[in-house]
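The values are calculated or read from the model by the stated rules, or taken from the named source; none is laboratory data. Not measured: the values here are computed from a predicted model. As a convention, Cβ positions derive from the backbone with ideal geometry for all residues, glycine included, and neighbour counts pool all protein chains shown.
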Amino acid sequence: MSWLPISLNLQAWPILLIGGGQVAERKFRLLQQMGAKISILAPDLTPLLREALANNAFEYIAGTHEKLTGMEKNYKVWVSATNNSQINSDVAKLAKVDGTLVNVVDNIDLSTFIFPAIVDRNPVSVAISTSGLSPVLACFIREKLEVMLPKSLGRFANQLAKIRNRLKQSGCTGQVKRRVQKQLISDYFTGHSSLCNLDEADIAAISKRQTVAPKHGEVILVGAGPGDPELLTIKAMRILQNCDVILFDNLVNREILEYARRDAEVIYVGKKAGACCNKQSQINQLMLDHAQQGNLVVRLKGGDPHIFARANEEIEFLADNDIKYQIIPGISAAFGCAASMKVSLTDREYAHGCMFISAHLSSDSKDDVDWEQLAKLKTTLVFYMGVSKISYICKQLLANGVASDTRMAIVENGTMMNEKVYYGTLDYFYKNPQLVVNVCKPALLFVGNVLQFYDRGNDATSTTSLQPSEYSV
């Protein structure tokens, strides 16, 4: 790291801005937003700067940069914001001789300090720097953080400071002070705290927490979405950044774990069809053990926890053991894959609804799907875990009256860079089951004529698409 980020007291270190044109005008607006005490040295000012001067927004020193000699006594920070490269160079040389901090706009070689991109949640601020190499990248990162950090963070920080002072006055140990503050921060970022709106009496009451033993932890069922890390919800990301333990499934993209707190304990509890895997009872016990140790536990599931993820079994277990829990929904695999295919699952003409169906079924299962009823519905069908049962699914749909030319698609690695779509008709997939022998599992099966819209805006680079002449109709 060649440039050290620092926080500068702009009241104790007033800034001298050299220049009165449009370049200086842009820099003035930034400095004003930061609450800086500003003086401007320039022979003339733009209309906007003259208007700001009339409102006493800065001190004006009429003249050229030749007046700078001796000004280092009153101004330890200079910003050269002219469109004249020679003037900027002269300012930088003079500043360096006198040991004055100088920033030359858009010239890192002449500068001894640079302005970062800033996320402002006063009194909290986050500075992002690329060492001057890519301001656009710094701004992009700032935009991401603007979304992630709550707007109320500044008010929360002020209230937390009052509680910290109360704790210091109480004489409790440093360990207790850290524990209380960490719990308050965790509550805030997991959505359980209204600390921003507390009055003095509330603050006094909260400050007594140092006498309370640590409570049981909590389990949060979090949907990791269909695969693409950028489809993770903001709330899920905040939870991951503040949890202590993560129990994650086989369907969770490992890249998503990069968003987790660095020192969180990460435990794989995935299940794979036909393979030795973690039993649900073992997963339940892990949740219980870690929660009873006072940890914030994330049970991270692919897609959405509400859809074929055995969430009810885990909820019931947690409730029976008096463990606090909540659920953070995620984008389901069905919605994610449909979006990747650029297809709507419903349509006024072709599908009045959509159905999610578990394909953990067999031809002799008593709990099998009511295929006759299913075939009558004007809906898009989405089969989860159905690749190995594709012949049976196609056979039942065809036998119960679904048209042979009904569109069908199989999506593997949905929303990921290596996504692949197999697309054709119901009859073709039924007669050619070998087509999907090498499909990566799990994958989703879509059946319904809304899929005809897949023909628009999709190319063959990520698709095994059957041509219309190949359809068996």
Across (1) under 18 Å from residue 261 (Cα atoms); (2) modelled with pLDDT of 90 or more; (3) under 13 Å from the mean Cα position of the chain (by Cα); (4) of a type in the set (D, E, K, R), residue 218 clears everything bar (3)
Those residues of the stretch 7-28 which are part of a loop (DSSP other than H, G, I, E, B) and of a type outside the set (Gly, Ala, Ser) amount to 8, 9, 10, 11, 13, 14
Checked the stretch 108-123 for anything among the polar types (S, T, N, Q) and within 16 Å of residue 135 (Cβ to Cβ); matches are 111
Taking the stretch 397-443 and the residues there that are in contact with a helix residue (DSSP H, G or I) (Cβ under 8 Å, 6 or more places away or on another chain) and β-branched (Val, Ile, Thr), the one that is modelled with the lowest pLDDT would be 436
Checked pairs for the stretch 307-332, first not assigned by TED's automatic domain parsing to the domain that holds residue 295, second surrounded by fewer than 17 Cβ atoms within 10 Å (Cβ to Cβ) and modelled with pLDDT of 95 or more, C-beta under 6 Å and 6 or more apart or across chains, list as none
Note on the stretch 143-164: residues free of Cβ contacts under 8 Å to residues at least 40 places away in the same chain and over 18 Å from residue 235 (Cα atoms) are 154, 157, 158, 160, 161, 164
All-but-one check, residue 78 against (1) over 30 Å from residue 187 (Cα atoms); (2) of a type in the set (Phe, Trp, Tyr); (3) without any contact (Cβ under 8 Å) to a residue 24 or more places away in the chain, failing number (3)
Could you say whether any residue in the stretch 312-330 is touching an Asp or Glu at 6+ places or on another chain (Cβ under 7 Å) and small (Gly, Ala, Ser)? yes
Within the stretch 13-60, residues surrounded by fewer than 16 Cβ atoms within 10 Å (Cβ to Cβ), aliphatic (A, V, I, L, M) and either over 37 Å from the mean Cα position of the chain (by Cα) or not assigned by TED's automatic domain parsing to the domain that holds residue 92 (or both) come out as 48, 53, 54, 57
Residues in the stretch 31-62 that are more than 18 Å from residue 103 (Cα to Cα) and among the basic types (Lys, Arg) total 1
For residue 102, the lone unmet condition from (1) of a type outside the set (Phe, Trp, Tyr); (2) farther than 15 Å from residue 24 by Cβ; (3) crowded, with 16+ Cβ neighbours inside 10 Å is (2)
TODO: Taking residue 377 as the residue in question, decide whether it is outside the structural domain of residue 239 (by TED's automatic domain parsing) and either touching a His at 6+ places or on another chain (Cβ under 6 Å) or within 22 Å of residue 439 (Cβ to Cβ) (or both).
DONE: no
Restricted to the stretch 129-187 and to residues being hydroxyl-bearing (Ser, Thr, Tyr) and outside any helix (DSSP H, G or I), the residue nearest to residue 242 (Cα to Cα) is 152
Do we have any residue at all in the stretch 325-348 that's out of contact with any helix residue (DSSP H, G or I) (no Cβ under 8 Å at 6 or more places or on another chain), under 30 Å from residue 179 (Cα atoms) and surrounded by fewer than 17 Cβ atoms within 10 Å (Cβ to Cβ)? yes
Selection from the stretch 440-456 of residues surrounded by 19 or more Cβ atoms within 10 Å (Cβ to Cβ) and at negative phi yields 442, 443, 444, 445, 446, 447, 450, 451, 454
Checked 184, 110 against criteria (more than 25 Å from the chain's Cα centre (by Cα) and surrounded by 15 or more Cβ atoms within 10 Å (Cβ to Cβ)); the one match is 110
Apart from one, (1) outside the structural domain of residue 35 (by TED's automatic domain parsing); (2) of a type in the set (Gly, Ala, Ser); (3) surrounded by 12 or more Cβ atoms within 10 Å (Cβ to Cβ) all hold for residue 81; the odd one out is (1)
Per the filter on the stretch 113-131, residues of a type outside the set (Gly, Ala, Ser) and within 26 Å of the chain's Cα centre (by Cα) are 115, 116, 118, 119, 120, 121, 122, 123, 124, 126, 128, 130
Reported set for the stretch 27-55 where residues are hydrophobic (A, V, I, L, M, F, W, C) and either touching a residue at least 40 places away in the same chain (Cβ under 8 Å) or in contact with a strand residue (DSSP E or B) (Cβ under 8 Å, 6 or more places away or on another chain) (or both) is 28, 30, 31, 34, 36, 38, 40, 41, 42, 45, 49, 53
Among residues of the stretch 351-370 being over 31 Å from the mean Cα position of the chain (by Cα) and modelled with pLDDT of 90 or more, the residue surrounded by the fewest Cβ atoms within 10 Å (Cβ to Cβ) is 352
